[in-house]
Amino acid sequence: MYQNKFLEYLSVERHASQHTIIAYTNDLQQFTDFMAADYEQTNLALVEGKQVRAWIVHLLNNDKTPRTVRRKLATLKSFYRYLRSRAIIDKDPMLKVIAPKMGKRLPNFVQEDKMNVLLDEIDFPNTYSGHRNRLILELFYMTGMRRSELIQLQEKNIDYANAILKISGKGGKQRILPLTKDLPERLRQFSVLKKETFPKSDHPELFYTDKGKPLYPKLVYNIVHRYLSQVTTIEQRSPHTIRHS
């Protein structure tokens, strides 16, 4: 309904290039299609932030890179700023939307190909600590969350239905981090495993040490760097057999 007026505004008032107009048109059409298919909503002025976050998850699950997702979100931000400036909406749904991290960082930078080797080539034991360690690495990589945030993460922070994490950062500001693919279900299964492994532990944190106590920074550091060292060993041993994406 408002998309055409926005595109006309970009062309006439902002003198945007034809390339930009085409990109914005495609992004808005994809978002419109998603809203119609998943929420039966065709009026983008009525969109809520949680629905934009669901679109982020949808894009990531369909192998869109964080760079591509961030560009598409930039389109939506411009669109909703336009609606706000025209008093079409009084609340911007993009205000609490967090774009996926660029570069995908662990506590120490890990290139994408190394992370692929880590998750594809290394066997994580079918134990509490094995499942915990893999989830720690995946959460760092997929969300870009800080080490302190991971240590303090509680099950109540996980929205399984919408595939997001709700993180309280500095100053009490809440961040929403999207989860991808089967991660929410594996987090749910891990929570069950943790309770079975440590039935008498009542700490609220999601991740425990091997003794049922909350994690601490040095342990998280050691877990990450132990596995990164294994990646380096694999690459040195088989430099021509590992496929880099």
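Laid out as a table, the results:
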{"quantity": "Q174 versus E40: modelled label distance in nm, points set 7 Å from Cα along the beta carbon direction", "calculated": "2.7"}
{"quantity": "Listed peptides 200-208, 37-45, 23-31 by packing density, highest first (mean Cβ within 10 Å)", "calculated": "23-31, 200-208, 37-45"}
{"quantity": "Dimensions in Å of the stretch 159-214 - Rg and Dmax from alpha carbons", "calculated": "13.2, 35"}
{"quantity": "Per residue convex hull volume, Cα atoms of the stretch 121-222, in Å³", "calculated": "109"}
{"quantity": "Fully extended contour minus Cα-Cα distance, from E13 to K91, at 0.36 nm per residue", "calculated": "25.7 nm"}
{"quantity": "Rough spin-label spacing in nm, given labels placed 7 Å along Cα→Cβ, for Q189 and F124", "calculated": "1.1"}
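All of the numbers you see were taken from the coordinates with simple rules; none came from a lab. Here the structure is a predicted model, which is why all the values come from computation and not from measurement. Glycine also receives a Cβ, built like all others from the backbone with ideal geometry; neighbour counts cover every protein chain displayed.
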